[in-house]
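Note sheet for the following structure.
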Ligand code: NAI
(Lines give C-alpha, C1' and ligand atoms only; values in the text may rest on other atoms or scores of the structure.)
Protein backbone atom coordinates (compact mmCIF):
# COMPACT_ATOMS: atom_id res chain seq x y z
CA UNK A 1 0.00 0.00 0.00
CA UNK A 2 1.35 3.42 -0.96
CA UNK A 3 1.60 6.11 1.72
CA UNK A 4 -0.51 8.44 -0.40
CA UNK A 5 -2.82 8.38 -3.41
CA UNK A 6 -1.25 11.63 -4.60
CA UNK A 7 1.87 13.60 -3.78
CA UNK A 8 2.01 17.04 -5.34
CA UNK A 9 5.42 18.71 -5.55
CA UNK A 10 5.10 22.47 -5.18
CA UNK A 11 2.47 24.51 -3.29
CA UNK A 12 1.90 27.34 -5.77
CA UNK A 13 -1.53 27.98 -7.33
CA UNK A 14 -1.21 24.87 -9.53
CA UNK A 15 -0.06 22.55 -6.76
CA UNK A 16 -2.18 23.70 -3.84
CA UNK A 17 -5.39 23.84 -5.89
CA UNK A 18 -4.68 20.37 -7.27
CA UNK A 19 -4.11 19.05 -3.74
CA UNK A 20 -7.31 20.58 -2.37
CA UNK A 21 -9.39 19.15 -5.23
CA UNK A 22 -7.69 15.72 -4.81
CA UNK A 23 -8.62 15.75 -1.10
CA UNK A 24 -12.18 16.84 -1.90
CA UNK A 25 -12.45 13.91 -4.29
CA UNK A 26 -11.46 11.52 -1.50
CA UNK A 27 -7.79 10.97 -2.35
CA UNK A 28 -5.17 10.80 0.40
CA UNK A 29 -2.94 13.73 -0.49
CA UNK A 30 0.36 15.33 0.50
CA UNK A 31 2.17 18.39 -0.82
CA UNK A 32 5.95 18.88 -0.81
CA UNK A 33 7.03 22.49 -0.35
CA UNK A 34 10.47 23.79 0.55
CA UNK A 35 9.55 27.42 1.18
CA UNK A 36 8.71 28.48 4.73
CA UNK A 37 5.20 29.40 3.59
CA UNK A 38 2.69 27.93 1.14
CA UNK A 39 1.42 29.64 -2.03
CA UNK A 40 4.52 29.54 -4.26
CA UNK A 41 5.73 32.48 -6.33
CA UNK A 42 2.22 33.90 -6.72
CA UNK A 43 1.46 34.45 -3.04
CA UNK A 44 5.00 35.00 -1.75
CA UNK A 45 6.87 36.99 -4.40
CA UNK A 46 4.52 37.51 -7.34
CA UNK A 47 0.87 38.28 -8.00
CA UNK A 48 -0.26 39.06 -4.46
CA UNK A 49 2.56 41.30 -3.12
CA UNK A 50 2.74 43.22 -6.41
CA UNK A 51 -1.00 43.91 -6.19
CA UNK A 52 -0.55 45.33 -2.68
CA UNK A 53 2.14 47.73 -3.94
CA UNK A 54 0.08 48.59 -7.03
CA UNK A 55 -2.92 49.39 -4.82
CA UNK A 56 -0.96 51.53 -2.36
CA UNK A 57 0.77 53.52 -5.08
CA UNK A 58 -2.46 53.93 -7.05
CA UNK A 59 -4.00 55.51 -3.94
CA UNK A 60 -1.01 57.87 -3.80
CA UNK A 61 -1.45 58.70 -7.48
CA UNK A 62 -5.14 59.45 -6.95
CA UNK A 63 -4.40 61.72 -4.00
CA UNK A 64 -1.80 63.64 -6.01
CA UNK A 65 -3.74 63.93 -9.25
CA UNK A 66 -7.49 63.73 -8.68
CA UNK A 67 -8.31 64.67 -5.07
CA UNK A 68 -8.17 68.44 -5.54
CA UNK A 69 -10.59 68.32 -8.50
CA UNK A 70 -13.12 66.51 -6.29
CA UNK A 71 -12.82 69.16 -3.61
CA UNK A 72 -10.56 67.08 -1.41
CA UNK A 73 -7.94 69.64 -0.48
CA UNK A 74 -4.84 69.51 1.70
CA UNK A 75 -1.40 67.97 1.58
CA UNK A 76 -1.17 64.69 -0.28
CA UNK A 77 0.27 61.81 1.81
CA UNK A 78 4.00 61.29 2.12
CA UNK A 79 5.41 57.80 1.61
CA UNK A 80 6.58 55.68 4.56
CA UNK A 81 8.31 52.99 2.50
CA UNK A 82 8.94 50.69 5.47
CA UNK A 83 5.24 50.76 6.36
CA UNK A 84 4.24 50.16 2.73
CA UNK A 85 6.47 47.06 2.68
CA UNK A 86 5.05 45.94 6.04
CA UNK A 87 1.52 46.27 4.63
CA UNK A 88 2.58 44.18 1.62
CA UNK A 89 4.13 41.54 3.92
CA UNK A 90 0.95 41.42 5.99
CA UNK A 91 -1.10 40.81 2.84
CA UNK A 92 1.27 37.95 1.92
CA UNK A 93 0.98 36.42 5.41
CA UNK A 94 -2.82 36.56 5.40
CA UNK A 95 -2.87 34.72 2.09
CA UNK A 96 -0.22 32.09 2.81
CA UNK A 97 -1.76 31.31 6.22
CA UNK A 98 -5.10 30.95 4.45
CA UNK A 99 -3.66 28.10 2.36
CA UNK A 100 -2.25 26.46 5.49
CA UNK A 101 -5.74 26.58 6.99
CA UNK A 102 -7.23 25.03 3.83
CA UNK A 103 -4.64 22.22 3.95
CA UNK A 104 -5.62 21.41 7.56
CA UNK A 105 -9.31 21.63 6.75
CA UNK A 106 -8.87 19.18 3.86
CA UNK A 107 -6.46 16.91 5.80
CA UNK A 108 -3.59 17.45 3.36
CA UNK A 109 -0.11 16.68 4.73
CA UNK A 110 2.55 19.32 4.14
CA UNK A 111 5.88 17.51 3.64
CA UNK A 112 8.33 20.34 4.39
CA UNK A 113 11.47 20.42 2.28
CA UNK A 114 12.59 20.19 -1.35
CA UNK A 115 11.41 17.05 -3.08
CA UNK A 116 12.92 14.76 -5.69
CA UNK A 117 11.59 11.71 -7.52
CA UNK A 118 14.10 8.83 -7.14
CA UNK A 119 11.78 6.45 -9.01
CA UNK A 120 8.20 6.14 -10.24
CA UNK A 121 5.88 6.17 -7.24
CA UNK A 122 8.52 7.58 -4.88
CA UNK A 123 9.15 11.08 -3.56
CA UNK A 124 12.16 11.90 -1.41
CA UNK A 125 12.01 14.85 0.98
CA UNK A 126 15.13 15.29 3.12
CA UNK A 127 15.99 11.83 4.49
CA UNK A 128 12.47 10.47 4.10
CA UNK A 129 11.08 8.64 1.11
CA UNK A 130 7.31 8.57 0.65
CA UNK A 131 5.35 6.44 -1.78
CA UNK A 132 2.38 7.57 -3.88
CA UNK A 133 0.24 6.12 -6.66
CA UNK A 134 0.35 9.45 -8.48
CA UNK A 135 2.95 12.21 -8.45
CA UNK A 136 2.16 15.70 -9.74
CA UNK A 137 5.03 18.06 -10.55
CA UNK A 138 3.90 21.65 -9.98
CA UNK A 139 7.23 23.31 -9.42
CA UNK A 140 6.53 26.51 -11.35
CA UNK A 141 9.05 28.86 -12.89
CA UNK A 142 11.95 31.18 -12.09
CA UNK A 143 13.08 34.48 -13.64
CA UNK A 144 15.14 33.78 -16.74
CA UNK A 145 18.61 35.23 -16.86
CA UNK A 146 20.03 37.53 -19.50
CA UNK A 147 23.57 37.03 -20.83
CA UNK A 148 25.87 39.78 -19.53
CA UNK A 149 23.59 40.58 -16.61
CA UNK A 150 24.29 39.45 -13.06
CA UNK A 151 21.42 39.81 -10.62
CA UNK A 152 22.31 40.74 -7.00
CA UNK A 153 18.66 41.42 -5.94
CA UNK A 154 19.79 44.78 -4.54
CA UNK A 155 20.77 47.04 -7.43
CA UNK A 156 20.16 44.63 -10.29
CA UNK A 157 16.94 42.86 -9.38
CA UNK A 158 14.31 40.44 -10.64
CA UNK A 159 10.67 40.86 -9.68
CA UNK A 160 11.53 39.25 -6.32
CA UNK A 161 14.06 41.94 -5.37
CA UNK A 162 11.83 44.67 -6.79
CA UNK A 163 9.25 43.81 -4.11
CA UNK A 164 11.62 44.64 -1.26
CA UNK A 165 14.07 47.33 -2.30
CA UNK A 166 15.92 48.94 0.62
CA UNK A 167 14.74 52.36 -0.51
CA UNK A 168 12.79 53.93 -3.34
CA UNK A 169 15.25 54.46 -6.21
CA UNK A 170 15.48 57.88 -7.86
CA UNK A 171 15.95 56.20 -11.22
CA UNK A 172 15.13 52.75 -12.51
CA UNK A 173 15.80 50.98 -15.79
CA UNK A 174 13.36 48.20 -16.55
CA UNK A 175 14.61 45.63 -19.05
CA UNK A 176 11.55 44.20 -20.82
CA UNK A 177 8.23 45.88 -21.63
CA UNK A 178 6.17 42.85 -20.62
CA UNK A 179 3.79 42.29 -17.74
CA UNK A 180 6.28 42.37 -14.85
CA UNK A 181 8.23 45.32 -16.25
CA UNK A 182 5.14 47.48 -16.67
CA UNK A 183 3.46 46.53 -13.38
CA UNK A 184 6.58 47.11 -11.27
CA UNK A 185 7.66 50.05 -13.46
CA UNK A 186 4.28 51.67 -12.68
CA UNK A 187 4.76 51.13 -8.94
CA UNK A 188 8.12 52.93 -8.88
CA UNK A 189 7.06 55.66 -11.33
CA UNK A 190 4.15 56.48 -8.99
CA UNK A 191 6.61 56.58 -6.10
CA UNK A 192 8.61 59.23 -7.94
CA UNK A 193 11.36 57.23 -9.66
CA UNK A 194 12.37 58.18 -13.19
CA UNK A 195 11.54 54.90 -14.95
CA UNK A 196 12.93 53.97 -18.37
CA UNK A 197 11.74 50.77 -20.01
CA UNK A 198 14.15 49.23 -22.52
CA UNK A 199 12.34 46.77 -24.78
CA UNK A 200 13.79 44.56 -27.50
CA UNK A 201 10.75 44.69 -29.77
CA UNK A 202 9.24 47.80 -31.39
CA UNK A 203 6.18 47.43 -29.16
CA UNK A 204 5.27 46.59 -25.59
CA UNK A 205 3.29 43.61 -24.20
CA UNK A 206 3.95 41.25 -27.12
CA UNK A 207 1.14 38.80 -27.76
CA UNK A 208 -1.52 41.34 -26.78
CA UNK A 209 -3.75 43.10 -29.32
CA UNK A 210 -1.66 45.68 -31.16
CA UNK A 211 -4.16 48.53 -30.86
CA UNK A 212 -4.44 47.98 -27.10
CA UNK A 213 -0.63 47.93 -26.81
CA UNK A 214 -0.35 51.27 -28.67
CA UNK A 215 -2.97 52.93 -26.44
CA UNK A 216 -1.33 51.46 -23.34
CA UNK A 217 2.07 52.83 -24.40
CA UNK A 218 0.59 56.32 -24.86
CA UNK A 219 -1.09 56.25 -21.45
CA UNK A 220 2.03 55.00 -19.66
CA UNK A 221 4.09 57.75 -21.33
CA UNK A 222 1.50 60.26 -20.06
CA UNK A 223 2.12 58.87 -16.58
CA UNK A 224 5.81 59.69 -16.95
CA UNK A 225 7.38 56.37 -17.92
CA UNK A 226 10.02 56.58 -20.66
CA UNK A 227 10.39 53.92 -23.33
CA UNK A 228 13.30 52.90 -25.52
CA UNK A 229 11.88 50.40 -28.01
CA UNK A 230 13.75 48.23 -30.48
CA UNK A 231 16.72 48.05 -28.11
CA UNK A 232 18.62 44.93 -27.11
CA UNK A 233 20.33 45.10 -23.74
CA UNK A 234 23.94 43.93 -24.05
CA UNK A 235 25.14 44.12 -20.47
CA UNK A 236 24.55 45.59 -17.06
CA UNK A 237 27.50 46.66 -14.95
CA UNK A 238 26.74 46.95 -11.24
CA UNK A 239 28.68 49.76 -9.60
CA UNK A 240 28.58 50.51 -5.84
CA UNK A 241 25.28 52.36 -5.69
CA UNK A 242 24.27 52.39 -9.34
CA UNK A 243 24.26 50.27 -12.44
CA UNK A 244 25.21 51.00 -16.03
CA UNK A 245 23.04 49.50 -18.74
CA UNK A 246 24.45 49.10 -22.23
CA UNK A 247 22.02 48.53 -25.08
CA UNK A 248 22.11 48.48 -28.88
CA UNK A 249 19.39 50.05 -31.02
CA UNK A 250 18.33 47.40 -33.48
CA UNK A 251 17.61 49.84 -36.31
CA UNK A 252 21.23 51.05 -36.67
CA UNK A 253 23.24 48.87 -34.28
CA UNK A 254 24.37 51.98 -32.38
CA UNK A 255 25.44 51.41 -28.77
CA UNK A 256 24.12 53.52 -25.89
CA UNK A 257 24.35 53.61 -22.10
CA UNK A 258 22.01 54.46 -19.26
CA UNK A 259 22.74 54.91 -15.54
CA UNK A 260 20.19 54.02 -12.89
CA UNK A 261 19.95 53.45 -9.13
CA UNK A 262 18.18 50.20 -9.83
CA UNK A 263 17.79 47.85 -12.80
CA UNK A 264 14.84 45.47 -12.99
CA UNK A 265 15.36 42.48 -15.25
CA UNK A 266 11.93 41.41 -16.52
CA UNK A 267 12.66 39.49 -19.69
CA UNK A 268 10.52 36.43 -19.02
CA UNK A 269 10.49 33.35 -16.85
CA UNK A 270 11.64 29.76 -17.40
CA UNK A 271 10.34 26.44 -16.04
CA UNK A 272 11.84 25.47 -12.68
CA UNK A 273 12.51 21.75 -12.23
CA UNK A 274 15.95 21.82 -10.57
CA UNK A 275 16.77 19.01 -8.18
CA UNK A 276 13.78 16.82 -9.05
CA UNK A 277 15.94 14.22 -10.77
CA UNK A 278 13.76 14.22 -13.89
CA UNK A 279 16.56 13.30 -16.27
CA UNK A 280 17.51 10.17 -14.31
CA UNK A 281 13.83 9.28 -14.03
CA UNK A 282 13.47 9.50 -17.82
CA UNK A 283 10.93 12.34 -17.92
CA UNK A 284 11.07 14.05 -21.29
CA UNK A 285 11.95 17.75 -21.22
CA UNK A 286 11.82 20.14 -24.17
CA UNK A 287 14.72 22.33 -25.32
CA UNK A 288 13.04 25.24 -23.54
CA UNK A 289 13.07 23.29 -20.28
CA UNK A 290 9.35 22.49 -20.25
CA UNK A 291 8.22 19.12 -18.92
CA UNK A 292 6.53 17.31 -21.81
CA UNK A 293 3.06 15.94 -21.10
CA UNK A 294 0.20 14.33 -22.98
CA UNK A 295 -3.30 15.82 -23.17
CA UNK A 296 -3.98 14.61 -19.61
CA UNK A 297 -0.79 16.06 -18.16
CA UNK A 298 0.98 12.69 -17.87
CA UNK A 299 4.72 12.84 -18.52
CA UNK A 300 6.65 10.17 -20.39
CA UNK A 301 6.78 8.24 -17.08
CA UNK A 302 3.51 6.56 -16.09
CA UNK A 303 1.97 7.95 -12.90
CA UNK A 304 4.10 11.11 -13.01
CA UNK A 305 2.24 14.23 -14.15
CA UNK A 306 3.09 17.93 -14.54
CA UNK A 307 1.01 21.12 -14.51
CA UNK A 308 1.43 24.90 -14.42
CA UNK A 309 4.41 27.07 -15.37
CA UNK A 310 6.76 24.09 -15.79
CA UNK A 311 4.79 22.81 -18.81
CA UNK A 312 3.71 24.43 -22.08
CA UNK A 313 1.31 27.40 -22.20
CA UNK A 314 0.98 30.84 -20.63
CA UNK A 315 2.74 31.21 -17.28
CA UNK A 316 -0.31 32.37 -15.39
CA UNK A 317 -1.50 31.40 -11.91
CA UNK A 318 -5.09 30.83 -13.07
CA UNK A 319 -3.99 28.58 -15.95
CA UNK A 320 -2.07 26.50 -13.39
CA UNK A 321 -5.10 26.44 -11.06
CA UNK A 322 -7.35 25.19 -13.85
CA UNK A 323 -4.85 22.48 -14.70
CA UNK A 324 -4.63 21.61 -10.99
CA UNK A 325 -8.37 21.04 -10.72
CA UNK A 326 -8.58 19.11 -13.98
CA UNK A 327 -5.52 17.03 -12.97
CA UNK A 328 -7.21 15.99 -9.72
CA UNK A 329 -10.33 15.00 -11.65
CA UNK A 330 -8.28 12.90 -14.10
CA UNK A 331 -6.51 11.13 -11.21
CA UNK A 332 -9.90 10.47 -9.60
CA UNK A 333 -11.10 8.86 -12.82
CA UNK A 334 -13.21 11.80 -13.98
CA UNK A 335 -12.96 13.78 -17.24
CA UNK A 336 -10.78 16.75 -16.30
CA UNK A 337 -10.65 19.40 -19.00
CA UNK A 338 -9.09 22.84 -19.54
CA UNK A 339 -10.34 25.12 -22.31
CA UNK A 340 -7.05 26.69 -23.39
CA UNK A 341 -8.91 28.95 -25.84
CA UNK A 342 -10.52 30.89 -22.99
CA UNK A 343 -7.73 31.83 -20.61
CA UNK A 344 -7.81 35.53 -19.77
CA UNK A 345 -4.67 37.64 -19.29
CA UNK A 346 -4.62 40.74 -17.10
CA UNK A 347 -2.08 43.47 -16.48
CA UNK A 348 -2.84 45.21 -13.18
CA UNK A 349 -1.61 48.67 -14.04
CA UNK A 350 -3.83 51.73 -14.15
CA UNK A 351 -5.70 51.52 -16.41
CA UNK A 352 -5.85 47.74 -16.35
CA UNK A 353 -5.36 45.72 -19.52
CA UNK A 354 -7.26 42.47 -20.04
CA UNK A 355 -7.63 40.09 -22.94
CA UNK A 356 -9.06 36.74 -23.90
CA UNK A 357 -9.11 34.68 -27.07
CA UNK A 358 -7.97 35.80 -30.50
CA UNK A 359 -6.39 39.17 -31.31
CA UNK A 360 -6.92 40.97 -34.62
CA UNK A 361 -3.39 39.90 -35.54
CA UNK A 362 -4.00 36.18 -34.92
CA UNK A 363 -7.32 36.34 -36.81
CA UNK A 364 -5.60 37.96 -39.79
CA UNK A 365 -2.90 35.28 -39.69
CA UNK A 366 -5.62 32.62 -39.79
CA UNK A 367 -7.34 34.45 -42.66
CA UNK A 368 -10.63 34.52 -40.77
CA UNK A 369 -13.44 36.97 -41.54
CA UNK A 370 -14.24 38.95 -38.39
CA UNK A 371 -15.90 42.16 -37.27
CA UNK A 372 -14.86 44.58 -34.55
CA UNK A 373 -17.14 46.22 -31.98
CA UNK A 374 -15.44 48.98 -30.02
CA UNK A 375 -16.56 51.34 -27.29
CA UNK A 376 -14.58 54.05 -25.50
CA UNK A 377 -14.84 54.52 -21.72
CA UNK A 378 -15.26 58.23 -22.53
CA UNK A 379 -18.87 57.32 -23.34
CA UNK A 380 -19.36 55.53 -20.01
CA UNK A 381 -20.87 57.76 -17.31
CA UNK A 382 -19.47 55.81 -14.38
CA UNK A 383 -15.91 55.86 -15.77
CA UNK A 384 -16.08 59.61 -16.40
CA UNK A 385 -17.24 60.19 -12.79
CA UNK A 386 -14.04 58.61 -11.44
CA UNK A 387 -11.39 59.99 -13.85
CA UNK A 388 -11.26 56.65 -15.68
CA UNK A 389 -12.40 57.60 -19.18
CA UNK A 390 -9.13 56.49 -20.82
CA UNK A 391 -9.33 53.27 -22.76
CA UNK A 392 -11.85 51.12 -24.59
CA UNK A 393 -13.48 47.72 -24.96
CA UNK A 394 -12.96 45.83 -28.19
CA UNK A 395 -14.89 42.69 -29.07
CA UNK A 396 -13.93 40.54 -32.04
CA UNK A 397 -16.73 38.41 -33.48
CA UNK A 398 -17.09 36.08 -36.45
CA UNK A 399 -18.33 38.10 -39.42
CA UNK A 400 -20.91 35.51 -40.45
CA UNK A 401 -22.11 33.92 -37.21
CA UNK A 402 -21.46 36.79 -34.73
CA UNK A 403 -19.80 34.26 -32.38
CA UNK A 404 -17.35 36.00 -30.03
CA UNK A 405 -13.74 35.11 -30.91
CA UNK A 406 -11.84 37.37 -28.54
CA UNK A 407 -11.99 40.56 -26.50
CA UNK A 408 -9.52 43.18 -25.36
CA UNK A 409 -10.09 45.84 -22.76
CA UNK A 410 -7.97 48.71 -21.53
CA UNK A 411 -9.71 50.71 -18.85
CA UNK A 412 -11.15 50.66 -15.32
CA UNK A 413 -11.60 47.20 -13.78
CA UNK A 414 -10.72 45.58 -17.12
CA UNK A 415 -9.48 42.50 -15.23
CA UNK A 416 -12.97 41.94 -13.83
CA UNK A 417 -14.95 42.99 -16.91
CA UNK A 418 -13.17 40.46 -19.11
CA UNK A 419 -14.88 37.57 -17.32
CA UNK A 420 -18.30 38.43 -18.68
CA UNK A 421 -16.79 37.75 -22.09
CA UNK A 422 -14.99 34.61 -20.89
CA UNK A 423 -18.30 33.14 -19.71
CA UNK A 424 -19.95 34.16 -22.96
CA UNK A 425 -17.17 32.43 -24.92
CA UNK A 426 -17.47 29.27 -22.79
CA UNK A 427 -21.13 29.15 -23.80
CA UNK A 428 -20.29 29.80 -27.46
CA UNK A 429 -22.23 33.06 -27.31
CA UNK A 430 -22.67 35.64 -30.06
CA UNK A 431 -21.97 39.35 -29.51
CA UNK A 432 -25.73 39.85 -29.77
CA UNK A 433 -26.23 37.68 -26.65
CA UNK A 434 -24.25 40.23 -24.61
CA UNK A 435 -25.88 43.14 -26.43
CA UNK A 436 -29.36 41.87 -25.50
CA UNK A 437 -28.48 41.30 -21.83
CA UNK A 438 -29.62 44.09 -19.51
CA UNK A 439 -26.57 45.70 -17.82
CA UNK A 440 -27.01 47.77 -14.67
CA UNK A 441 -26.50 51.51 -14.93
CA UNK A 442 -24.17 53.11 -14.06
CA UNK A 443 -21.46 50.41 -14.29
CA UNK A 444 -18.26 49.96 -16.27
CA UNK A 445 -19.80 46.77 -17.67
CA UNK A 446 -22.11 48.90 -19.82
CA UNK A 447 -19.01 49.56 -21.95
CA UNK A 448 -18.81 45.80 -22.65
CA UNK A 449 -22.45 45.78 -23.73
CA UNK A 450 -21.89 48.85 -25.91
CA UNK A 451 -18.93 47.14 -27.63
CA UNK A 452 -21.19 44.14 -28.24
CA UNK A 453 -23.86 46.48 -29.65
CA UNK A 454 -21.16 47.95 -31.89
CA UNK A 455 -20.73 44.47 -33.43
CA UNK A 456 -24.33 44.81 -34.63
CA UNK A 457 -26.44 47.89 -35.32
CA UNK A 458 -24.21 50.21 -33.32
CA UNK A 459 -23.47 51.44 -29.79
CA UNK A 460 -25.89 53.93 -28.26
CA UNK A 461 -23.49 56.33 -26.52
CA UNK A 462 -20.82 56.50 -29.23
P1 LIG B 1 7.13 38.83 -20.61
O2 LIG B 1 7.37 37.68 -21.49
O3 LIG B 1 5.74 39.29 -20.33
O4 LIG B 1 7.94 40.10 -21.15
C5 LIG B 1 9.32 40.11 -21.36
C6 LIG B 1 9.71 41.24 -22.31
O7 LIG B 1 11.12 41.37 -22.32
C8 LIG B 1 9.26 40.99 -23.74
O9 LIG B 1 8.54 42.12 -24.18
C10 LIG B 1 10.60 40.80 -24.48
O11 LIG B 1 10.53 41.23 -25.82
C12 LIG B 1 11.55 41.63 -23.65
N13 LIG B 1 12.99 41.29 -23.76
C14 LIG B 1 13.53 40.05 -23.79
N15 LIG B 1 14.89 40.13 -23.88
C16 LIG B 1 15.21 41.45 -23.90
C17 LIG B 1 16.45 42.19 -23.99
N18 LIG B 1 17.64 41.58 -24.05
N19 LIG B 1 16.41 43.55 -23.99
C20 LIG B 1 15.21 44.18 -23.91
N21 LIG B 1 14.02 43.53 -23.84
C22 LIG B 1 14.01 42.18 -23.81
O23 LIG B 1 7.91 38.45 -19.25
P24 LIG B 1 7.83 39.07 -17.78
O25 LIG B 1 7.23 40.42 -17.79
O26 LIG B 1 9.19 38.88 -17.22
O27 LIG B 1 6.82 38.10 -17.05
C28 LIG B 1 7.14 36.71 -16.91
C29 LIG B 1 5.92 35.86 -16.82
O30 LIG B 1 5.20 36.12 -15.64
C31 LIG B 1 4.98 36.08 -17.99
O32 LIG B 1 4.62 34.84 -18.51
C33 LIG B 1 3.81 36.78 -17.40
O34 LIG B 1 2.60 36.42 -18.03
C35 LIG B 1 3.83 36.33 -15.93
N36 LIG B 1 3.28 37.37 -15.09
C37 LIG B 1 1.94 37.62 -15.16
C38 LIG B 1 1.39 38.64 -14.44
C39 LIG B 1 -0.07 38.90 -14.57
O40 LIG B 1 -0.79 38.02 -15.02
N41 LIG B 1 -0.54 40.09 -14.22
C42 LIG B 1 2.19 39.51 -13.56
C43 LIG B 1 3.59 39.18 -13.62
C44 LIG B 1 4.08 38.14 -14.34
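The values are calculated or read from the model by the stated rules, or taken from the named source; none is laboratory data. Quick caveat, the model's predicted, so the values are computed rather than measured. Because the Cβ atoms are built from the backbone with ideal geometry, glycine has one as well, and the counts that use them run over all protein chains shown.
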Would you please list the contacts, defined by Cβ atoms under 6 Å and residues six or more apart or on different chains, that run from a residue in the range 190-207 that is over 15 Å from residue 173 (Cβ atoms) and in the same structural domain as residue 252 (by TED's automatic domain parsing) to a residue that is part of a loop (DSSP other than H, G, I, E, B) and away from the ligand (no atom under 16 Å from the Cβ)?
191/168
Residues of the range 314-358 being assigned to a loop (DSSP other than H, G, I, E, B) and farther than 18 Å from residue 419 by Cβ, in sequence order, are 315, 332, 333, 334, 335, 336, 337, 349, 350
Looking only at the range 160-175, count how many residues are over 12 Å from residue 191 (Cα atoms) and either buried (at least 17 other Cβ atoms within 10 Å of the Cβ) or without any contact (Cβ under 8 Å) to a residue 12 or more places away in the chain (or both).
7
If you scan the range 188-206, which residues turn out to be closer than 12 Å to residue 262 by Cβ and either more than 12 Å from the ligand (Cβ to nearest atom) or in a loop (DSSP other than H, G, I, E, B) (or both)?
188, 191, 193, 194, 195
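Consider residue 395 carefully, then state whether it is crowded, with 22+ Cβ neighbours inside 10 Å, more than 16 Å from the ligand (Cβ to nearest atom), closer than 17 Å to residue 211 by Cα and under 24 Å from the mean Cα position of the chain (by Cα).
Judged against the criteria, residue 395 is a match.
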Go through the range 227-241 and report how many residues are more than 14 Å from the ligand (Cβ to nearest atom) and modelled with pLDDT of 95 or more.
1
Out of 257, 223, 234, which single residue is surrounded by 15 or more Cβ atoms within 10 Å (Cβ to Cβ) and more than 13 Å from residue 175 (Cβ to Cβ)?
223
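Let's see how each residue does on (1) outside any helix (DSSP H, G or I); (2) without any contact (Cβ under 8 Å) to a residue 60 or more places away in the chain; (3) closer than 26 Å to residue 61 by Cα; (4) in the same structural domain as residue 59 (by TED's automatic domain parsing):
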| residue | (1), (2), (3), (4) |
| --- | --- |
| 372 | yes, no, no, no |
| 378 | no, yes, yes, no |
| 408 | yes, no, yes, no |
| 425 | no, no, no, no |
| 428 | yes, yes, no, no |
| 443 | yes, no, yes, no |
Conditions: (1) under 21 Å from residue 53 (Cβ atoms); (2) within 16 Å of the ligand (Cβ to nearest atom). Residue 167 meets all but one. Number of the miss?
(2)
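Here's the yes/no breakdown for (1) at pLDDT below 95; (2) within 16 Å of the ligand (Cβ to nearest atom); (3) more than 30 Å from residue 460 (Cβ to Cβ):
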residue	(1), (2), (3)
317	no, yes, yes
331	no, no, yes
340	no, yes, yes
343	no, yes, yes
350	no, yes, no
354	no, yes, no
359	no, yes, no
364	no, no, no
374	no, no, no
Tell me, yes or no, whether the range 287-295 has at least one residue that is assigned by TED's automatic domain parsing to the domain that holds residue 41, buried (at least 22 other Cβ atoms within 10 Å of the Cβ) and not in a loop (DSSP other than H, G, I, E, B).
yes
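When you check residue 222 against the structure, is it away from the ligand (no atom under 16 Å from the Cβ) and within 22 Å of the chain's Cα centre (by Cα), yes or no?
Considered against the rule, which asks whether it is away from the ligand (no atom under 16 Å from the Cβ) and within 22 Å of the chain's Cα centre (by Cα), residue 222 comes out as no.
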Can you tell me which condition residue 140 does not meet? The list is (1) within 16 Å of the ligand (Cβ to nearest atom); (2) under 17 Å from residue 275 (Cα atoms); (3) touching a strand residue (DSSP E or B) at 6+ places or on another chain (Cβ under 7 Å), and all the others hold.
(3)
